Structure formats: structure tokens, C-alpha cells
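Have a look at the structure below before the remarks.
Only the coordinates and a few stated rules stand behind these numbers; no lab work does. What you are looking at is a predicted structure, and each value in this text was computed from that prediction instead of being measured. Virtual Cβ from ideal backbone geometry, glycine too; neighbours counted across all protein chains shown.
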Amino acid sequence: MPNAPRFVTCHCQHCNGGIEFDGAGFAHGETRAIECPHCGIETNLFVPYRPPPIPQTPPRPQQPSRKAQVLRFKNPANGYTESVDENVWLLVLLFGCFYFAAKGVWTHAVAGFIAAVTTCGISWLVYPLVAKDIMVKNYLRRGWIQVE
Ligand SMILES: [Zn+2]
């Protein structure tokens, strides 16, 4: 029903008095000069612009938070699993060769200790960079199977 009454209120540009009128016949952006019923000065009536309803945007699909990459290895002999996560470098930085010792990687525990002594600790800072690689190779060499 394009001509159904559409009462809107416009405010006088001089006295700011509210003027209710039927805006159904108004074209978009059309103004009509009338005499204000409040102050008697000519003012323009227009249908207040009503912003179109904001289209409902579907919520953005949540970016799957990057899961810390965890590599899991399974000892086929007893089913025991160990994981090598992204933080292995931090553990190695903190514990150095003791981390390898705790993990049973004696070659690197010993080599890491000797290297740390002979390089005045420089190797201690290098080991974290290759720690993940060492652990992965360690498990694979021992015949463990990567399960993840
Ligand atoms: Zn007025």
C-alpha cells in the first residue's frame, strides 16, 4: 500500500516545534514548504530519512585458533606415547641437556653438556633451535611411530 498514511514528525527549522504530517506522498528527499503552525514562519517539511535496516551479517566464522602443533609418538612395544610440542625449545632453553636426560636422550644429554662446557654456554642457546628436530628424530630412531 504505497499511499497508506505514514505519519511522521518533522521539526520546524525556526522554533523546533514538532509538526506531524502524512509523509506518504513525499518522494525520497522531497521537501515541501509550509507555514509552521507554531511560529508562523515558513519551514520545510521532509520525511526524515530512515536508514535502511542493517542487513544481518552472519557472524564471521571463527578462525580456528591455531592449535599448538603437538607431535605424538607411540612406542609400539608398550603403547606408551610421548609428545613433542611447540614448547620443547623453551624447555630445552631452561633445562638444556637435563631435558634430554629426562627424556632419555642420553647422547644429546651428554653431548649437550660437553658442548655447553666447551662453548661456554653458546650451544645452550643453539640447542633450543634444533630441540624439536632432535626429539622427533630420537623417537623415530627408537622405532616409535608418529601417531599425530
Ligand atoms: Zn516554527
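Here are the numbers for this structure:
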{"quantity": "Kirkwood Rh, angstrom, segment 70-147 [1 / mean 1/r, Cα pairs]", "calculated": "12.6 Å"}
{"quantity": "Cysteines having no other Cys beta carbon under 4.7 Å from their own, within the chain", "calculated": "C10, C97, C120"}
{"quantity": "Lys/Arg +1, Asp/Glu -1 at C-beta; the chain dipole; positive extreme among T118, I19, V130", "calculated": "T118"}
{"quantity": "With 10 Å bins from 0: P(r) over the chain, alpha-carbon pairs, percent", "calculated": "10, 23, 13, 6, 5, 5, 6, 14, 15, 4"}
{"quantity": "Cα-based Lys proximity count in the chain, under 15 Å, for pairs eight or more positions apart or on separate chains", "calculated": "4"}
{"quantity": "Paired Rg and Dmax values of segment 7-46, which use every Cα atom, in angstrom", "calculated": "9.5, 26"}
